[in-house]
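To keep things clear, I will list the structure first and then write my remarks on it.
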Amino acid sequence: MSVQKFTAQTTREALAKAKLAFGERTLILSSRQIEGGIEVTAAEEELVPATRGVRIEKAALPLQGNSARVQPSASVAQDTEAMAMSTLSFQQYVRERLLRKQHEDAGGLPAPAPSSAAPAEPQAQPASPDRSGAGKSTLDANHAPSLHAEISDLKALMEDRFHAVAWLGEAQRRPQLTALMLKLSGAGFSSDLIRTLLLNFPADLTNQQAIRRVAAILIDNLPTDADKPTLLEAGGILALVGASGVGKTTATAALAAKCVEQHGAASVGIVTLDMVRPGAHEQLRHITRELGVVAHAAPDEAALHDLLQLWSGKHMVLIDTPGIMPNGPGHDALRLLNVPGLEQLLVVNAAADSEVQHAFFQKMLPNPQVTGVVLTRRDEARKLGPIINNLLRHRIPLRGSTMGQATAHNWQGADAFGLVAQTLKAPGELAFMPEKDDLPMLFNQVGPVWAMQGQG
């Protein structure tokens, strides 16, 4: 469907622009008030599947002289029957479906009979002599709010879909936006985030200015701990939680090494709760031995509480935890983390798939003990768009990241500028690099616009 948006100061002017573009077959999809005027979304009527069937059927009618001419009343009836998904009949169809569902939920009451394109008047009910007020409704009063809510949600979904189709058509006519869409898609950003970044994008920018604008929006909106003390400054009891193999032990040792570098070996305490993975305690002890810190093991709640009480004067206590499955039950050892003042840091592999990251965030949030994310294996990731996408979607701050092995210089604080800059660099040769012809497929299921500062 070729959908376009037209803006003007008045509705009459916007409709005139639409009619100038599509002619007599202009089909108005929606209109809304915007800053400075009216925005109308329109399409050409012959491209709509519902009306396309009508025109084909009328063209196929036999025309054998005046004797075979179709009477006006018959033509109207045929058009009405063919336009099974016109605006009025679609609204009636949705209403009947919702009514039928409400009747079924009410205990098997008979569903209303399906109506034609022109809905008939409701028949009188013998059992209810009063036809005024609430008696006119076929639904119980308790079901009315949910019915209105479902209709409102459906209307909002359809309007947003029309706006998305119109935006994609407009963006494809601008080479600069097409290049940005391809670059951001190749970096791993989702279609709805790309639409948010490029919505109402200025047309007078150079390619370099366009990239800087996108980077500025991402940096301003990426949640970090820039407005509060960093992990090394604040200290406290920190438990690193994540799936198996994401690098929790390495991140624990890297953070401990940085803390030792700034505050001394006596300021750090390290304990592991991982009694499942063979050699987990020995691995952590081996890594931290050169730091002058001894890693302890806490097999139960009593041992953990004793260690925390013994280390109450230390600047930072780090707790390494066993791996959990994003789609499975939580590990029993995580129940030991119910300690006052303890903070949980979600450890996420930067090279992991976006859906894996999203599933992990959904499992762990909301949790009042979770205060941020530690990003691991950042140097191994070819695309950092997925993690930026999930940080923005779930609004959880980035607290730090690791690159390489567990040494002090491999721990990096929450640097939004560095993360975005690494993301927008040319990724080199990828297994799949989107092309212009792939854009309709990539943006086929574009979602709603996100609320972001500096966008639009």
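The values are calculated or read from the model by the stated rules, or taken from the named source; none is laboratory data. The structure presented is a predicted model; accordingly, all values stated were derived computationally and were not measured. Virtual Cβ from ideal backbone geometry, glycine too; neighbours counted across all protein chains shown. In case anyone asks, the SASA skips ligands and DNA or RNA and just uses the protein heavy atoms, side chains included. Shrake-Rupley method; radii C 1.70, N 1.55, O 1.52, S 1.80 Å.
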Members of the stretch 351-365 found to be within 25 Å of VAL271 (Cα to Cα) and open to solvent by less than 30 Å² (accessible area, probe 1.4 Å), listed by number: PHE360, PHE361, MET364
Every residue from the stretch 266-302 that is loosely packed, with under 12 Cβ neighbours inside 10 Å, at pLDDT 85 or above and small (Gly, Ala, Ser): GLY292, ALA302
Given (1) over 24 Å from the mean Cα position of the chain (by Cα); (2) open to solvent by less than 40 Å² (accessible area, probe 1.4 Å); (3) in contact (Cβ under 8 Å) with a residue 60 or more places away in the chain, number of the condition LEU307 does not satisfy: (3)
Number of positions in the stretch 303-336 that are modelled with pLDDT of 90 or more and among the charged types (D, E, K, R): 3
First in the stretch 151-180 and aromatic (Phe, Trp, Tyr), second anywhere and modelled with pLDDT under 75 and open to solvent by less than 70 Å² (accessible area, probe 1.4 Å), Cβ under 9 Å, 6 or more apart: TRP167/PHE443; TRP167/VAL446
Subset of the stretch 213-239 [under 28 Å from the mean Cα position of the chain (by Cα), surrounded by 13 or more Cβ atoms within 10 Å (Cβ to Cβ) and without any contact (Cβ under 8 Å) to a residue 40 or more places away in the chain]: ARG213
Pairs where the first residue, in the stretch 240-261, is touching a residue at least 12 places away in the same chain (Cβ under 8 Å) and more than 14 Å from ALA352 (Cα to Cα) and the second is assigned to a loop (DSSP other than H, G, I, E, B) and open to solvent by less than 10 Å² (accessible area, probe 1.4 Å), C-beta under 6 Å, 6+ apart: VAL241/THR321
Some residue of the stretch 326-333 being out of contact with any Asp or Glu (no Cβ under 8 Å at 6 or more places or on another chain) and in contact (Cβ under 8 Å) with a residue 60 or more places away in the chain: yes
Residue in the stretch 263-276 that is among the hydroxyl-bearing types (Ser, Thr, Tyr) and farther than 20 Å from GLN344 by Cα present: no
Tally of residues being assigned to a helix (DSSP H, G or I), closer than 14 Å to SER2 by Cα and not aliphatic (A, V, I, L, M) across the stretch 21-39: 3
Subset of the stretch 388-416 [assigned to a loop (DSSP other than H, G, I, E, B) and open to solvent by less than 20 Å² (accessible area, probe 1.4 Å)]: ILE396, ALA406
Single residue of the stretch 170-191 satisfying the filter (open to solvent by 20 Å² or more (accessible area, probe 1.4 Å) and closer than 17 Å to GLN4 by Cβ) that is modelled with the highest pLDDT: ARG174
Criterion violated by GLN422 - all others in (1) open to solvent by 40 Å² or more (accessible area, probe 1.4 Å); (2) assigned to a loop (DSSP other than H, G, I, E, B); (3) not aromatic (Phe, Trp, Tyr) satisfied: (2)
Residue in the stretch 338-348 that is among the small types (Gly, Ala, Ser) and surrounded by 15 or more Cβ atoms within 10 Å (Cβ to Cβ) present: no
Pair list, Cβ under 7 Å, 6 or more apart: the stretch 1-22 residue more than 20 Å from ARG174 (Cα to Cα), other residue open to solvent by 50 Å² or more (accessible area, probe 1.4 Å) and outside any helix (DSSP H, G or I): THR11/SER31; ALA14/THR7
Single residue of the stretch 327-337 satisfying the filter (open to solvent by 90 Å² or more (accessible area, probe 1.4 Å) and in a loop (DSSP other than H, G, I, E, B)) that is nearest to ARG277 (Cα to Cα): PRO329
In the stretch 338-376, the residues that are among the small types (Gly, Ala, Ser), in contact (Cβ under 8 Å) with a residue 60 or more places away in the chain and not in a strand (DSSP E or B): GLY341, ALA352, SER354
Tally of residues being farther than 19 Å from LEU365 by Cβ and under 29 Å from the mean Cα position of the chain (by Cα) across the stretch 240-250: 3
